[in-house]
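Trainee: Before anything else, here's the structure in question.
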Amino acid sequence: MDSYSNERPKGPLKVVDDFLVLDDPVEQQAFTEMVDVDGQAYAHSVLMVQGMYCAACADTVEGALCDLPGVVKAEVHAGTRRLIVRWDPARVRMSHLARQVGATGYRLLPVKEALSISNRLAEGRKVLWRLFVAGICMMQVMMYAWPAYITEPGDIPPDIDHLLRWASWILSLPVLIFASGPFFSSAWRDLKHGRIGMDTPVSIGIIVTFVASSLATFDRSGAWGHEVWFDSLTMFVFFLMGGRYLEYKSRARTAGALDDLINRLPEVCDRLKPDGTYEPVSVRRLVVGDTVRIHAGQAFPGDGVLLSKRVTVDEALLTGESHPITKHTGSALIAGSFNIASPVDMRIEKLGADTRFAQIVALMEKASTEKPRLAILADRVAAPFLALVLLAALGAFLYWWQIDHSRAFAVAVSVLIVTCPCALSLATPAAMLASAGALAKRGVLVRRLQAFESLAHVNTVVFDKTGTLTLDSVVVAGMQLRSGVQAETALSLAAALAQASLHPASKAIVKAAREGWSGQPVPLADWQARFDCSDVQEHAGQGMSARIAGHGQVKLGSAVFCGVAVAADEQGTSPRVYLADDAGWLATFELDEGLRPDAREAVEALKAMGIETWLLSGDRAGAAQRIAHQVGVDKLVAEAGPEQKLQEVAALQAAGRLVAMVGDGLNDGPVLARANTSFALGTAAPLAQAHADFVIQGGRVTDVVETLTQARKTLIIVKQNLIWAALYNFVSVPLALAGFMPPWLAGLGMAISSFWVIGNALRLNKMKKS
Amino acid sequence: MEVLYLLIPLSVVIVLAIIVIFWWALESGQLDNIDREGDRILNVN
């Protein structure tokens, strides 16, 4: 066993934990669920992998688990560093799996809020530490190198020159020891695997440059030449660490958003005791069959059955249903949806991982792991090129060694520096970062830089309805009045009642009153002054009633509640709220989902760009059709649940279409993860944001169009950059091999090519203001 | 220019001191949540 694990490659961590705590059933509950496959029970666990830097690490972790007896499937999601493993509890223990992964240099941790936060902190400190050490040393080494650049040879007295070299050498040490660790460990891991990774030439370059420069520092007349490249070395490491830092930041945000979701379920709720009183208990301690009381504004802790007479719930996040739903005794309640009316009792039937909420989360985790892993592909393509670079450097060294010892080193270092994939590897991220910066100024956050590439090629945009094309809340769209009644009077009378309620219809009426029907705002104080309300009551699921001087008993709510006869043709259209006083019907308010003002403009702009637009909604066909007609999308699919949405998008992709999904709710999560690229509008649930490539904070749908245009521009710049970097290598490598290029010129060439690439990318920063 | 014999070694010592001070700041948790601190300025309450 020991000899076996000694042969395995070591990752960046030294893992000595015994992981026995992972076998504790109570602990396991948090990250493991049981699934039934062909009559056999398997455990399905999601864990966090610590120590992962790149997509290639995912292979190592998967490789460590896949061949173990009892492991059915192990998948690592490189972006979020989550491991999803299906294993047989009868044949293997979790602690054994974790120890196996530990032997390869990675640590498995249960995905748990408190733990992952402290891990993220420790990782953040390490990244920042490396960046700072490389940065401060680079600045100072550059100062020491500067005199040599601006003077003629011999202008600097030899002893000062020597002192400067010594100082450079001392300050290069921290860069080598503290900052370059990740490159060395990654290159070492690749070496153990018999592979060449992106970090291999970088590591060799760092080591060779440092060794050659050190030898030149200590022995100026030696066979190693007398050039030092400490400035190139430190600058190079700093640039690379800067990239790692940005990468870490975006990764931490994703992980943070997921943790927020886990915390979205209520932590404490009131449980009914046998003596009829309520006690607050932790949600973890709830068991199936408990009766709990849910207050207004609280989320339901589990799936269950309503015991109280009536409740109004908001399920928009889970089902896409845009209107609040009224449920009666015995109806099913869904975990994660909200109670928006009076306190009610429910009996818990399903908890935690069994709930629909948890199933949607699981669906999403799966969808995001099944994404094509482009990063690994890129690594595989790069490997032959990098191998060629190393061979060329070695060949040049051997060739020149026979001719001139002191030049051999210089030529080999020149080749390594000149072919350093710096410009090549900067070409794409620099352009994408510049674009991301420009978009951030507009309020569009880019969560995954690579998404620009897929977005530029997108030919289908799929919209969700609720909260995406429409606003989250309903608005008063129309009003019918008893003859002789002023619109302002009816509205402020209704608002006087409505302001005591949390119901979305009430909020819409208050908002309409505040803004004024004909553009004249009515100050809040006026309602109270004009109408002396007393005995205000909310009748759950029916409406509000109050006594108001001059009007008698005033009612606001459903037709039945207000005693209003409804014409047959009025039913089944948009929802209405009625207002009645002692004299009978007074006014009718027509409510409608507010369409985002720029939704139509955005859809038309997309069509003009030759992009097909779809509307994929979980809402009823009628409501979806109306919106589809208003904004003018090409195709419509209504009444689609999360699974069906996923299938629709998969079908589009199977037909060769590249899909961008624009969504907001929890039920969009899986689709967002599945689509080629995705947008979340700012008000979206944290879960949807966590899996969207772009987050639009301003809530403008036209930003989708702007982002798309920007992505296409970005791709053009990326192509220019890649062509430039390739041309540069094509010209400079033969020169370096032939010995025409001294290392300082190679370093300068590398710097200029990098600056050219960055400068070209910065053109993307100038984005037209909205 | 004899002062360079003092200044150059001194600059090395200062940079090393800065690194140590930064390490102390990092380990004492001052930089754990820099984004949040930036946001806090913009918060009214």
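Trainee: Got a number for residues in segment A:454-481 being surrounded by fewer than 16 Cβ atoms within 10 Å (Cβ to Cβ), modelled with pLDDT of 80 or more and of a type outside the set (S, T, N, Q)?
Mentor: Selection size over segment A:454-481: 1.
Trainee: Right, something else. Any residue at all in segment A:400-419 that is modelled with pLDDT of 80 or more, out of contact with any strand residue (DSSP E or B) (no Cβ under 6 Å at 6 or more places or on another chain) and farther than 21 Å from A:I207 by Cα?
Mentor: For segment A:400-419, residues modelled with pLDDT of 80 or more, out of contact with any strand residue (DSSP E or B) (no Cβ under 6 Å at 6 or more places or on another chain) and farther than 21 Å from A:I207 by Cα: present.
Trainee: Which one of the conditions (1) of a type in the set (A, V, I, L, M, F, W, C); (2) modelled with pLDDT of 80 or more; (3) in contact with a strand residue (DSSP E or B) (Cβ under 8 Å, 6 or more places away or on another chain); (4) closer than 30 Å to A:P670 by Cβ does A:A623 fail to meet, given that it meets all the rest?
Mentor: (2)
Trainee: Then there's this: Has segment A:664-674 got any residue that is open to solvent by less than 20 Å² (accessible area, probe 1.4 Å) and either more than 22 Å from A:G699 (Cα to Cα) or outside any helix (DSSP H, G or I) (or both)?
Mentor: yes
Trainee: May I pose another question? Tell me which residues, restricted to segment A:1-25, are farther than 17 Å from A:V101 by Cβ and modelled with pLDDT under 65.
Mentor: Hit for segment A:1-25 is A:S3, nothing else.
Trainee: Answer yes or no as to whether A:A692 is modelled with pLDDT of 85 or more, in contact with a helix residue (DSSP H, G or I) (Cβ under 8 Å, 6 or more places away or on another chain) and either at negative phi or surrounded by 24 or more Cβ atoms within 10 Å (Cβ to Cβ) (or both).
Mentor: Criteria not met by A:A692.
Trainee: Please work out which residue is modelled with the highest pLDDT, limiting yourself to segment A:700-738 and to residues that are surrounded by 19 or more Cβ atoms within 10 Å (Cβ to Cβ) and assigned to a loop (DSSP other than H, G, I, E, B).
Mentor: Top of the filtered list is A:V701.
Table: residues versus (1) part of a loop (DSSP other than H, G, I, E, B); (2) under 26 Å from A:E315 (Cα atoms).
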site	(1), (2)
A:E604	no, no
A:K607	no, no
A:G610	yes, no
A:D619	yes, yes
A:I627	no, yes
A:Q630	no, yes
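Trainee: Now for a separate question. Being over 30 Å from A:R547 (Cα atoms), among the β-branched types (V, I, T) and buried (at least 22 other Cβ atoms within 10 Å of the Cβ) is true for just one of A:V577, A:V633, A:V637. Which residue is that?
Mentor: So the residue among A:V577, A:V633, A:V637 that is over 30 Å from A:R547 (Cα atoms), among the β-branched types (V, I, T) and buried (at least 22 other Cβ atoms within 10 Å of the Cβ) is A:V633.
Trainee: Can you work out which of the residues in segment A:39-55 that are open to solvent by 40 Å² or more (accessible area, probe 1.4 Å) and over 15 Å from A:A90 (Cβ atoms) is modelled with the highest pLDDT?
Mentor: Step one: of segment A:39-55, the residues open to solvent by 40 Å² or more (accessible area, probe 1.4 Å) are A:39-41, A:53-54.
When the remaining residues are screened for being over 15 Å from A:A90 (Cβ atoms), the result is A:53-54.
Values: A:Y53: 59, A:C54: 56.
My answer is A:Y53.
Trainee: So, one more: Taking helices (runs of 4 or more DSSP H) that fall entirely within segment A:128-242, which contain at least 2 residues that are within 14 Å of chain B (Cβ to nearest Cβ) and of a type in the set (V, I, T)?
Mentor: Working: elements: A:158-174, A:181-192, A:199-218.
Because the criterion is at least 2 residues that are within 14 Å of chain B (Cβ to nearest Cβ) and of a type in the set (V, I, T), the helices (runs of 4 or more DSSP H) in segment A:128-242 that meet it are A:158-174.
The values are calculated or read from the model by the stated rules, or taken from the named source; none is laboratory data. A quick note: this is a predicted structure, and the numbers were derived from the prediction, not measured. Glycine also receives a Cβ, built like all others from the backbone with ideal geometry; neighbour counts cover every protein chain displayed. Just the protein is used for accessible areas: all its heavy atoms, side chains included, with ligands, DNA and RNA removed. Shrake-Rupley method; radii C 1.70, N 1.55, O 1.52, S 1.80 Å.
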